[in-house]
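Comments concern the structure below.
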Amino acid sequence: MSPRKRPLVPVRSRRKAAEDYFPFNLLPVECQLHIFLFLNEVDKCSCALVCFSWSCIVRSWKLWRVADYSRRGVFHLGQEGLLVSNREFKRWKSWVHHYTHHLISRRASLLTLKASFDLGDRYNKWAELLSHLLDNVHCQDLSYLDLNWSFTLLEPLDLRVHSSSSSPQESITKMDQLASFQELLTKLTHSCPRISKMHLHFDWSDVSVSLLTQFQHLRVLELKYFWVFKGVSPSTLQNLTKSLPNLKSLTLHILVPMRNLGISYTMESQSLEYLDVSPSRGLVFSRLKLPALRELQAKKIVRSITLNRRTRLRIQSRWPCLYHVLREGTPKLQALNNERLLPTWREKSYRELTAVLEQSCYCVKHLDSWLW
């Protein structure tokens, strides 16, 4: 039996079918740009190969608003300090430089910058790479900065990849990292004054605090500790929060050193609405002046320290109860450690908050086993 032949389609019908496609190229350029904004960077580059008109659109600076050096799925960059083969590291390093050149050639107008590079690495010169990027793209409108300057996402298994036959790589010190970070932060204060959201490791030095307070548009700030042995003075923390008039959300990672046990902190801000100090260790507040605060996250973390009872009580006696600190300094507080507070929680006895306070308060009444 002969196979059934497909019926012939008239030429007029074929033309009509072709006309059924959406006339994308007839849309206004602004509409085409808006549609391309929903594509990731790889898809944008693929679209540039379709035709000349699409290639011109993809080259527009309006499509390149994000510089994300932590996003490349083939390398599984979800881990910190991931060790890879020398070959894989060289491939990734090559991609970083090509990606930077691509953003510069497109005259990118950045709104977001995400990166994780050891800025003290004098061989790979990550600090110079970021500085070169900021010098050659439009970043006046940059609003979101996520920067980890203490380590590089990928590291080679064989560290000899960093060295040459004549001069091995010099050791990277904390001071090298800090100097490069402060240099980059200085550049950001001039190039990106409108940053409103920032996540970065912080050293709490006077120079860094002074630079950070120049970002007057900051609304969301998360500071992670860079040097665990570096203490934070109460005046430094108070000056930082007072100097940021638009700050709405603050997350602090502070580890109070052993030598500073017993000190307490004061925080003052007219705009702060959300405060999270749960990642911190040994951070105790003696006074809060946060009239706009609505939510607080605080967690008491057990320290592996052995103290005799007399010394422990002498330290504890310096700290007021968190309940009294909140009652006097946070008139709009509505939630504590994800627990919704009753509107009358200030007038009533705080027995209803006992369980919450035992998890977050360091005073004598609620501090029985915080030190081991």
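The values are calculated or read from the model by the stated rules, or taken from the named source; none is laboratory data. Just so it is clear, the structure is predicted and the values come from calculations on it, not from any experiment. Here the Cβ positions follow ideal geometry from the backbone for every residue, glycine too, while neighbour counts run over all protein chains shown. Just the protein is used for accessible areas: all its heavy atoms, side chains included, with ligands, DNA and RNA removed. Shrake-Rupley method; radii C 1.70, N 1.55, O 1.52, S 1.80 Å.
Residues of the range 169-194 being touching a residue at least 60 places away in the same chain (Cβ under 8 Å) and out of contact with any strand residue (DSSP E or B) (no Cβ under 9 Å at 6 or more places or on another chain), which ones?
Ser180
So in the range 222-243, with the set limited to residues that are in contact with a helix residue (DSSP H, G or I) (Cβ under 7 Å, 6 or more places away or on another chain) and among the hydrophobic types (A, V, I, L, M, F, W, C), which one is most open to solvent (accessible area, probe 1.4 Å)?
So, considering only residues that are in contact with a helix residue (DSSP H, G or I) (Cβ under 7 Å, 6 or more places away or on another chain) and among the hydrophobic types (A, V, I, L, M, F, W, C), the one most open to solvent (accessible area, probe 1.4 Å) is Trp227.
Which pairs have Cβ atoms under 8 Å, sit 6 or more apart or on different chains, and link a residue in the range 275-286 that is assigned to a strand (DSSP E or B) to one that is of a type in the set (Asp, Glu)?
Hits for this filter: Leu275/Glu295.
Please verify whether the range 228-237 includes one or more residues that are at pLDDT 95 or above, of a type in the set (Phe, Trp, Tyr), in a loop (DSSP other than H, G, I, E, B) and in the same structural domain as Asn136 (by the TED database). Outline the logic, then answer.
Let us first name the residues in the range 228-237 that are at pLDDT 95 or above, namely none.
The answer is no, given that none of the residues of the range 228-237 is at pLDDT 95 or above, of a type in the set (Phe, Trp, Tyr), in a loop (DSSP other than H, G, I, E, B) and in the same structural domain as Asn136 (by the TED database).
Could you identify the single residue in Lys224, Lys197, Lys230 that is within 21 Å of Gly282 (Cβ to Cβ) and touching a strand residue (DSSP E or B) at 6+ places or on another chain (Cβ under 6 Å)?
Numbers: Lys197 fails: within 21 Å of Gly282 (Cβ to Cβ); Lys230 fails: touching a strand residue (DSSP E or B) at 6+ places or on another chain (Cβ under 6 Å).
Just a single option satisfies the conditions, and that option is Lys224.
Modelled with pLDDT under 80, farther than 30 Å from Phe226 by Cα and not assigned by the TED database to the domain that holds Ser235 - does that describe any residue in the range 301-317?
no
Could you tell me which residue of the range 175-207 is farthest from Asp141 (Cα to Cα), considering only residues that are aliphatic (A, V, I, L, M) and assigned to a helix (DSSP H, G or I)? So that I can check it myself, show each step before the final result.
Step one: list which residues in the range 175-207 are aliphatic (A, V, I, L, M), which gives 175, 178-179, 184-185, 188, 195, 198, 200, 207.
Next, only the ones that are assigned to a helix (DSSP H, G or I) stay: 175, 178-179, 184-185, 188, 207.
Numbers: Met175: 31, Leu178: 26, Ala179: 26, Leu184: 17, Leu185: 16, Leu188: 11, Val207: 24 Å.
Here the answer is Met175.
Pairs please, first residue from the range 25-36 and in the same structural domain as Ala48 (by the TED database), second anywhere and open to solvent by 90 Å² or more (accessible area, probe 1.4 Å) and assigned to a helix (DSSP H, G or I), Cβ atoms under 8 Å, 6+ apart in sequence or on different chains.
Every condition considered, the pairs that remain are Gln32/Asn25.
Which numbered condition trips up Leu142, out of (1) at pLDDT below 90; (2) in a loop (DSSP other than H, G, I, E, B)?
All conditions are met except number (1).
So, restricting to helices (runs of 4 or more DSSP H) that lie completely within the range 17-136, which ones have at least 2 residues that are at pLDDT below 90 and out of contact with any Cys (no Cβ under 8 Å at 6 or more places or on another chain)? Break it down stepwise before answering.
Values: elements: 29-36, 41-47, 52-58, 86-105, 126-136.
Of the helices (runs of 4 or more DSSP H) lying wholly inside the range 17-136, those with at least 2 residues that are at pLDDT below 90 and out of contact with any Cys (no Cβ under 8 Å at 6 or more places or on another chain) span 29-36, 41-47, 52-58, 86-105.
For residues that are open to solvent by 10 Å² or more (accessible area, probe 1.4 Å), in contact with a His (Cβ under 8 Å, 6 or more places away or on another chain) and more than 30 Å from Lys174 (Cβ to Cβ), tally how many sit in the range 105-142.
Matching residues across the range 105-142 total 1.
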